[in-house]
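The values are calculated or read from the model by the stated rules, or taken from the named source; none is laboratory data. Here the structure is a predicted model, which is why all the values come from computation and not from measurement. Quick reminder, even Gly has a Cβ in these numbers, built from the backbone with ideal geometry, and neighbours come from all protein chains shown.
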Amino acid sequence: MIGIVAVSHSARLGEAALELALQMVQGAGARVRVAAGAGTDADGTPILGTDALAVAGAIDELAGDCDGVLVLMDLGSAVLSAELALELRLSDVPVRLAPAPFVEGLLAAVVSAAAGGDLDTVAAEASAALGAKTGQLGAEEPVPEQVAPSRPAGDAQTRRVLVRNPQGLHARPAALIAEASGGVDVRLRRLPDGPEAAAASLSRLLILGARQGDEIEISAHGADAAGALDRIAALFDDGFGEATDSLPGNGNGNGNGNGTGTGTGNGNGNGTGTGVGTGSAPEPVAPPRDAAGAVTAGDVLRGRGVSPGVAAASVVHLAPSLPEPDGGVVVAESERAAEVSAVERATVAVAEHLRARSAESTGEAREILDAARLIASDPELLADARALVLSQGRTAARAVWEAARSHETALEALGGRIAERVADIRDVRDRVIAVILGLDLPGVPEREEPFVLVAVDLSPADTAALGGGRCVALVTEQGGPTSHTAIIARSLGLPAVVGVTGATGIREGEIVLVDGDRGTVEVGPDEERVASARAAAVVVEFDGQGRSADGHPLALLANVGGAADALAAAEARAEGVGLFRTEFCFLGRTDAPSVDEQVIAYRGVLAAFPGRKVVVRTLDAGSDKPLPFANVDDEENPALGVRGLRIARRSPRLLDDQLRALALAAAAESALVEVMAPMVATVEEAAEFAERARGAGIDRVGIMIETPSAALLATEIFEVVDFVSLGTNDLAQYTLAADRLLSELGDLNDPWQPAVLRLIGAVGAAGRAAGKPVGVCGEAAADPALAPVLAGLGVTSLSMAPRALGRVGAALAAVDQDACRRAADAALAAPTASAAREAVGAVLADVSGL
Ligand code: PEP
Ligand code: MG
């Protein structure tokens with residue numbers, strides 16, 4: 001292990017740099033000492049300076065358990081102290097002084113040391129650390145040479161992965177990769193022809209410049225190569241634990257949001273909680289305006305829904321950003337020092353303010369506020385502003401404006417998602433200028449009443465401040481699905497629509513209905529729609545047990561797409577998992593996941609429900625969820641093509657590997673695993689699947705009922721499987737012959753359609769006769785009004801997005817078995833969907849007030 005001594009003039013700088021570096025490795029395996037400052041004065045104020053004895057002491061302290069010590073220094077005299085310390089130290093451990101940038105060098109050295117680098121490697125890593133920034137900003141300095149030793153001859157094992165997390169390979173993922181490499185010689189290369197980096201090198205990994213959607217080839221060599229590949233590939237697949245969106249190009253435009261529904265229910269988006277679809281956004285069309293230039297009531301504005309849910313409230317506009325400070329003023333030389341002080345004081349005040357807000361926040365909001373704080377205290381920004389004041393006589397405000405602009409331009413030039421970070425710099429710029437000019441801070445106005453915040457764009461700090469406030473939804477004219485607005489909105493559970501052309505033309509105070517699933521903003525909706533949106537927005541807690549008023553149990557389960565969803569579902573007290581959409585673990589993968597990779601992914605979900613039921617669905621690739629490794633052809637009608645279980649006709653190995661992985665994962669965890677196949681149409685398919693699954697070691701095997709054919713054959717299908725689960729999204733699509741992705745056909749894709757209800761009834765009756773369970777895991781399961789009907793039709797469990805659990809639980813608990821049966825009879829007798837809703841409403845009004 002290599003130890004590191006950080007020598008700084010400022011104790012606060014030293015500690016802060018250390019804190020940052022240790023976050024990269026989460027404190028693991030790093031031995032670092034800070035030798036900073038020159039003590040305190042009589043008032044206890046820290047004295048800036050360095051102390052050679054303290055540096056020597058730090059080296060000696062590390063010498064006991066380190067094979068070598070690298071010393072990093074901030075400014076000139078720190079170098080002198082470090083050199084003197086080499087004379088003064090008592091130990092004889094090898095010591096190297098690194099000519100490296102202090103902060104970047106410390107980060108790179110800590111990561112490299114934690115990954116097991118020797119003194120040469122750690123020192124080279126630190127020295128190369130500026131390369132990432134140089135490369136990113138397009139500066140002309142050459143990027144330092146690869147620091148990893150050349151690879152010995154022999155076969156390397158390789159794996160291809162996709163960058164799934166929205167921010168790409170920034171410092172934290174890079175540090176996780178370095179840590180996961182565990183001393184194995186692992187290299188990463190951005191395909192098709194990007195640079196290569198050693199996994200242990202933080203700076204080289206950053207220079208890869210890998211962004212979401214990029215494909216990376218990982219190769220490993222030597223002992224535990226396979227283990228290192230598995231660990232690193234799992235990190236990529238998990239998006240490094242960051243919120244992931246559906247990747248561009250996977251065609252998953254509409255299947256991934258948490259629908260709450262507003263009463264029209266189109267059967268799409270049965271939630272997994274992993275974000276919302278990134279299908280192509282509608283063409284922006286400027287809405288009509290009245291004579292005063294405002295958007296008129298009755299208009300529906302469209303954009304990209306980036307955070308699911310529905311909310312209605314009056315509009316509040318973000319306070320306008322500050323006007324550009326006058327560039328024509330030249331400050332007299334005698335006053336320039338005072339202007340520089342004004343810049344310095346303002347940046348410190350803004351950084352402190354952001355630090356205080358970050359201390360009150362959690363999760364992603366905290367990370368974003370911390371990032372803004374780091375921009376406010378960025379020494380380069382400050383140095384640029386200072387230079388503009390001193391050399392050109394700019395006012396303090398103007399200097400900050402211009403310094404920020406050059407940083408913005410550099411980011412904009414990089415394009416794509418990195419350019420989305422420009423809002424971060426503008427936000428900090430405006431805060432600093434407001435402090436300099438003594439103005440109110442720009443940002444989100446405070447209100448007593450709930451409101452929908454409308455803005456051209458939102459700064460990350462504004463968005464992060466929304467948690468716990470009265471804001472119920474966000475609408476912006478700019479921004480993309482990976483912008484901070486989108487990330488924070490999702491983490492706060494606020495419906496959000498971005499890219500809404502003309503949104504700022506909606507008058508302040510106007511009521512709007514924001515639908516984050518459909519990407520719409522209705523201006524001046526009628527009262528009924530507002531009332532139902534408001535009711536849908538209130539989260540009702542679930543007590544963890546689904547049952548009718550007379551105590552008859554009906555399990556309420558969760559739909560999940562991966563480990564993060566499963567944890568959220570367990571927190572929401574779901575009784576188990578009724579649908580684990582395994583394809584969500586591998587969206588965007590170009591190669592089939594190995595059995596080992598699958599075991600890791602599945603165990604993540606099973607571990608969240610020890611001793612509880614987890615129903616796993618085998619890959620449902622195709623149609624709205626194509627997987628490149630499973631769906632090879634372009635099909636004329638993918639919804640009617642080789643999707644779901646049908647893929648096993650062409651690639652039986654894919655199914656067998658998955659079943660084997662599921663059996664292994666089930667054996668390793670205590671969850672009660674059941675496995676079902678999607679898109680089954682015939683009894684033969686059901687029988688063959690059951691045989692293969694049992695042969696692979698799965699105890700309980702079922703199928704999804706998603707085709708009218710399977711529903712009509714339920715009696716025979718029950719002879720070969722242990723349970724069924726109704727996928728009402730597809731069942732409605734195939735029964736009504738209406739594409740579930742077309743919102744225009746939403747009225748047909750409705751589980752209340754009598755034909756769908758009658759098919760569900762037939763399956764329920766077959767289940768009762770066979771004494772076997774019948775679940776529902778389509779969007780219908782999340783409709784509280786439908787729950788008593790489904791119970792009456794013989795359904796024994798409902799599986800839904802976790803946030804629907806409370807409402808569905810309450811609806812069931814309000815009615816007894818007899819009422820459920822009467823509601824089911826009324827629904828089955830109705831000739832139309834609306835008649836079914838009305839008839840059921842009339843039956844239940846007496847007993848439950850629903
Ligand atoms: C369904 O079709 O109802 C279902 C649950 O499966 P998916 O939505 O994933 O197609
Ligand atoms: Mg389906």
Which of (1) more than 13 Å from ligand 1 (Cβ to nearest atom); (2) of a type in the set (D, E, K, R); (3) surrounded by 24 or more Cβ atoms within 10 Å (Cβ to Cβ) is the odd one out, the single condition Asp699 does not satisfy?
-> (3)
Residues located in the range 732-774, provided they are surrounded by 20 or more Cβ atoms within 10 Å (Cβ to Cβ), under 30 Å from the mean Cα position of the chain (by Cα) and away from ligand 1 (no atom under 14 Å from the Cβ) | none
Does Ile717 count as crowded, with 24+ Cβ neighbours inside 10 Å, within 16 Å of ligand 2 (Cβ to nearest atom) and closer than 21 Å to Thr796 by Cβ?
-> no
Count of residues meeting criterion [more than 16 Å from ligand 1 (Cβ to nearest atom) and either in a loop (DSSP other than H, G, I, E, B) or under 17 Å from the mean Cα position of the chain (by Cα) (or both)] in the range 541-565 | 14
When you look at Glu706, is it within 13 Å of ligand 1 (Cβ to nearest atom) and at negative phi, yes or no?
-> yes
Filtering the range 775-785 down to residues that are within 15 Å of ligand 2 (Cβ to nearest atom), assigned to a loop (DSSP other than H, G, I, E, B) and touching a Lys or Arg at 6+ places or on another chain (Cβ under 9 Å) yields Cys777
On the given criteria, is Ile705 away from ligand 2 (no atom under 16 Å from the Cβ) and buried (at least 21 other Cβ atoms within 10 Å of the Cβ)?
-> no
Exactly one condition in (1) of a type in the set (A, V, I, L, M, F, W, C); (2) at negative phi; (3) within 16 Å of ligand 1 (Cβ to nearest atom); (4) surrounded by 22 or more Cβ atoms within 10 Å (Cβ to Cβ) is not met by Ala665; state its number.
-> (3)
Counting just the residues of the range 668-679 that are surrounded by 17 or more Cβ atoms within 10 Å (Cβ to Cβ) and of a type outside the set (A, V, I, L, M), which one comes out farthest from Thr618 (Cα to Cα)?
-> Glu669
Kindly list the number of the only condition in (1) assigned to a helix (DSSP H, G or I); (2) of a type in the set (Gly, Ala, Ser); (3) under 17 Å from the mean Cα position of the chain (by Cα) that fails for Gly213.
-> (1)
Specify the residue that is surrounded by the fewest Cβ atoms within 10 Å (Cβ to Cβ); the eligible residues are those in the range 321-356 that are in contact with a Ser or Thr (Cβ under 8 Å, 6 or more places away or on another chain) and β-branched (Val, Ile, Thr).
-> Val329
Report, by residue number, each residue of the range 69-95 that is over 22 Å from Leu20 (Cα atoms) and either at pLDDT 85 or above or not in a helix (DSSP H, G or I) (or both).
-> Arg89, Leu90, Ser91, Asp92, Val93, Pro94, Val95
Number of the condition not met by Asp722 [criteria: (1) of a type outside the set (Gly, Ala, Ser); (2) in contact with a strand residue (DSSP E or B) (Cβ under 7 Å, 6 or more places away or on another chain); (3) within 9 Å of ligand 1 (Cβ to nearest atom)] | (3)
Among the residues of the range 775-798, count how many are among the charged types (D, E, K, R) and more than 16 Å from ligand 1 (Cβ to nearest atom).
-> 0
Restricted to the range 577-598, and to residues that are of a type outside the set (A, V, I, L, M) and in a loop (DSSP other than H, G, I, E, B), which residue is nearest to ligand 2 (Cβ to nearest atom)?
-> Phe586
When you look at Asp620, is it in contact (Cβ under 8 Å) with a residue 40 or more places away in the chain, within 15 Å of ligand 2 (Cβ to nearest atom) and closer than 25 Å to Asp230 by Cβ, yes or no?
-> yes
Within the range 635-653, tally of residues that are surrounded by fewer than 19 Cβ atoms within 10 Å (Cβ to Cβ) and among the hydrophobic types (A, V, I, L, M, F, W, C) = 2
Scan of the range 578-595 for residues that are within 21 Å of the chain's Cα centre (by Cα), within 16 Å of ligand 1 (Cβ to nearest atom) and not hydroxyl-bearing (Ser, Thr, Tyr), ordered by number = Leu579, Phe580, Arg581, Glu583, Phe584, Cys585, Phe586, Leu587
Mind telling me which of the residues Leu318, Leu322 ends up being within 17 Å of Leu437 (Cα to Cα) and in contact with an Asp or Glu (Cβ under 8 Å, 6 or more places away or on another chain)?
-> Leu322
May I ask you to verify whether Glu528 is away from ligand 1 (no atom under 16 Å from the Cβ), without any contact (Cβ under 8 Å) to a residue 12 or more places away in the chain and among the charged types (D, E, K, R)?
-> yes
Within the range 815-837, restricting attention to residues that are in a loop (DSSP other than H, G, I, E, B) and more than 39 Å from the chain's Cα centre (by Cα), which residue is surrounded by the fewest Cβ atoms within 10 Å (Cβ to Cβ)?
-> Pro831
Starting from residues that are among the charged types (D, E, K, R) and over 30 Å from Ala693 (Cα atoms), keep the ones in the range 722-757 and report whichever is nearest to ligand 2 (Cβ to nearest atom).
-> Asp739
Ala359 being surrounded by 18 or more Cβ atoms within 10 Å (Cβ to Cβ) and either modelled with pLDDT under 95 or of a type outside the set (A, V, I, L, M) (or both) | no
Check Val840 against each of (1) out of contact with any helix residue (DSSP H, G or I) (no Cβ under 6 Å at 6 or more places or on another chain); (2) crowded, with 19+ Cβ neighbours inside 10 Å; (3) of a type in the set (A, V, I, L, M, F, W, C) and name the one condition it does not meet.
-> (1)
Does any residue in the range 85-108 that is among the polar types (S, T, N, Q) come within less than 8 Å, Cβ to Cβ, of a residue that is at pLDDT 85 or above six or more places away or on a different chain, and which pairs are these?
-> Ser91/Ile59; Ser91/Asp60; Ser91/Ala63
Filter result for Ser797 (within 14 Å of ligand 2 (Cβ to nearest atom) and buried (at least 19 other Cβ atoms within 10 Å of the Cβ)) = no
